[in-house]
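Heads up, the thing below is written out as structure tokens.
Read-outs: derived from the displayed coordinates by stated rules, not from any lab. Because the structure is a prediction, the values reported are computed rather than measured. Note that we place each Cβ from the backbone using ideal geometry, even for glycine, and neighbour counts take in every protein chain shown.
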Amino acid sequence: MILHNVSGCMAFSLNIDGKEEIDMTNEERMQVIDKIYEWMKRHPELLNNILQDLSSFGEYRVINDKPCECCGDIVDEFVLDLDE
């Protein structure tokens, strides 16, 4: 299974084995999810990266919007409840 993601200017495409994700049925999406799950089980060392990306689908909150005096960052968070 080949994932292909193209972005920029007017060129946007996300396809799996040549089929656009937007054109997939939910059954086809479930097959992709199963394949991704199998891939993830073979690469547990990537869990941190996967969790960071997945958490971005959660609720965004700003904890402290005053920029840090040292670095200029603000403190924010994403919270994703996987039991919902």
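Worth a mention:
- The Rg/Rh ratio of the chain, with both radii computed over alpha carbons and Rh defined as the Kirkwood radius, is 1.09.
- For segment 43-83: rounded, prolate or oblate by the Cα gyration tensor [a/c cutoff 1.5]: oblate
- Pair residue 84, residue 51: separation of 7 Å Cα→Cβ label points (nm): 2.0
- Sequence-ordered 3J(HN,Hα) estimates for segment 77-84 from the Karplus curve with 6.51, -1.76 and 1.60 and θ = phi - 60° stand at 8, 10, 10, 10, 8, 6, 8, 6 Hz, glycine and proline given as x.
- The dipole here belongs to the chain: it is taken about the Cα centre, uses +1 on the Cβ of Lys and Arg and -1 on the Cβ of Asp and Glu, and is about 300 debye.
- Each residue, residue 65 and residue 10, gets one label point 7 Å from its Cα in the Cβ direction; the gap between the two is 3.8 nm.
- Degrees separating the helix 26-42 axis from the principal Cα axis of the chain, which is the longest one: 70
- In Hz, Karplus ³J(HN,Hα) per residue of segment 60-71 (6.51, -1.76, 1.60; θ = phi - 60°; x = Gly, Pro): 8, 9, 9, 8, 8, 8, 7, x, 4, 5, 7, 10
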